[in-house]
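Here, each number is a calculation from the coordinates, and none is a lab measurement. Since we're looking at a predicted model, the values are computed, not measured. Backbone-built Cβ (ideal geometry, glycine too); neighbour counts: all protein chains shown.
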Amino acid sequence: MSKQDKLIIFDTTLRDGEQSPGASMTGDEKVRIARALERMRVDVIEAGFPIASHGDFEAVQSVAKAISDSTVCGLARALDKDIDRAGEALKPANSARIHTFIATSPIHMQMKLRMQPEQVIEQAVRAVKRARQYTDNIEFSPEDAGRSEPEFLFRILEAVIDAGASTVNIPDTVGYNLPHQFGDLIKQLIENVPNSDKAVFSVHCHNDLGLAVSNSLSAVLNGARQVECTINGLGERAGNAALEEIVMAVRTRQDMFSCDSDLDATQIVTCSRLVANITGFPVQPNKSIVGANAFAHESGIHQDGVLKSRETYEIMRAEDVGWSANRMVLGKHSGRNAFKTRLAELGVEFSSEEELNDTFARFKDLADKKHEIFDEDLQALVTESNLEAENERYKLVALKVCSETGEMPTSSITISADAKEMQCSAQGGGPVDASYKAIEEMVHSDTQLQLYSVNNITSGTDSQGEVTVRLEKAGRIVNGQGSDTDIVVASVKAYINALNKLEQTSAREHPQSADV
């Protein structure tokens, strides 16, 4: 496609998506998702914020090493230390981009930065020039552009493009804009920035008013040729524009859009499930494109219409986004090679023979409990194996629960803490409540349970249950995940996983947490 025909897909699941409370990912998990994004032919993968922590730096570096086809991007404030750190992390990348930003709205400049507009322009230009020491692929974002004065945006964008920014991204940082308003802003910028033809205009919309996708599409109709989005719309607060919705809206309505992406849409459902599994943020059944009900028809009128002609009630084919793709179903008689091969097809590579053997043993245990093992089960096994490998302080040793009609449920749990076993029994309103009370009797975590969620990984009564718990302690929020065919065991695994995450002390700096 030509420059005007091509819509660039910039995925920020690994960076902005990770800023959802409790959605933190390990380095290995980021690489797994990045490989899935690369298979889907995402153009740019924003892998993280390298200055945020040593762990973030290593994760961006690992993604840069693992990815060869997509461009790998690192975020940096308009600060020398941020840009240098991003440049260092991206050194191994086959194709690298540095994404630097500074706030431009009056309220941000006055209240957060405490800088004059001319100072902001000067710092933005300096940041772009410094980033060019590491790569020619530079993106600049005027943070909170949706509430910035257009005339000031004209000036700062002209300056950063002159300094070498090849992409200028217009963020609706707080999800404040309406579609017609945001589209008109993009049109104004393209028409009034003298050197606008020398850069790709991008948009990054948040979903605080539920308008992230609408605003992004309005921007594309008005000349934007890059959209920043996330799988499942993951992101801080109400989330970001959902990649799957952007891609399929543009592709389905080619009568309205004069551009299209290169994305392999058949990978969408697989990638969606992987992200949901790793982050512990399940997809709601009625979510467009990737929800379980997205292509389901219950109404008799609808069913009759679809049977006669699919197009009567379906504007796109389920198989085009990955719903009907043939999948290898594994079972108890499947061998180690078939297991390893299928995981490789899902983008999972084992760092050692020991890791492969451990995960294969878990697979065999699961195969004894359920007849068919699907891709979602395999992804859950790998995620659980990674969680246990990286968070070792607390481990479940044994669990016994008694739940009887008319009697108070009792749970007896044995866990190991720093290789020493502890045992406790407790009663509760149900077996899960009793189990959590027993754990707290032993660990005294002083946490608040904010969320307890149960979802089935696949269909059927023998399906694994996937449990997500959200714990809060002293302002820190973590999600814990656990899966098992026994929902009480899955619940205990999730709670212990969350406790282990709270034990980690590595601090992350939020991109907006310090003045620039």
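Along region 378-383 the Karplus relation, 6.51 cos²θ - 1.76 cosθ + 1.60 evaluated at θ = phi - 60°, assigns HN-Hα couplings of 5, 4, 5, 4, 5, 4 Hz to successive residues, with x for each Gly and Pro. Using just its DSSP H runs of length 4 or more, each adding -39500 (n - 2.57), the chain gives a mean residue ellipticity at 222 nm of -12000 deg cm²/dmol after division by all residues. Across all Cα atoms of the chain, the radius of gyration (one decimal) and Dmax (whole number) stand at 24.1, 77 Å. With respect to the chain, whose longest principal axis is taken over its alpha-carbon atoms, helix 117-131 is tilted by about 70°.
Taking the number of Cβ atoms within 10 Å of each Cβ as an exposure proxy, the fewest-first ranking of 352, 435 is 352, 435.
In terms of distances greater than 26 angstrom between alpha carbons, the cross-link table entries 30/501; 400/420; 112/187; 420/473; 370/395 yield 112/187.
Note on 135, 461, 104: ascending count of other Cβ atoms within 10 Å places them as 461, 135, 104, the fewest first. By other beta-carbon atoms within 10 Å, ranking 16, 358 with the fewest at the front produces 358, 16.
To the nearest 10 degrees, how steeply does helix 150-163 sit against the main Cα axis of the chain, on a 0 to 90 scale? Value to nearest ten degrees: 90. Taking a straight Cα-Cα cut-off under 17 Å and skipping sequence neighbours fewer than 8 places away in the same chain, the lysines within cross-link reach of residue 91 are 65, 81.
Region 8-279: percent of C-alpha pairs farther apart than 36 Å? Everything past 36 Å amounts to 6 percent. Approximating the spin labels as points 7 Å out from Cα along Cα→Cβ, the residue 53-to-residue 266 distance works out to 3.9 nm.
Between the residues 64, 242, 154, the greatest Cα displacement towards the positive end of the dipole of region 8-279, with unit charges on the Cβ of Lys, Arg, Asp and Glu, is found for 64. Start at zero, step by 10 Å, and the Cα-Cα distances of region 336-387 spread as 24, 65, 10 percent across the bins.
A Förster radius of 60 Å, combined with the Cβ-Cβ distance separating residue 257 from residue 351, puts the computed FRET efficiency at roughly 0.90.
Once the Cα atoms are used to define both axes, helix 179-192 deviates from the longest principal axis of the chain by about 40 degrees.
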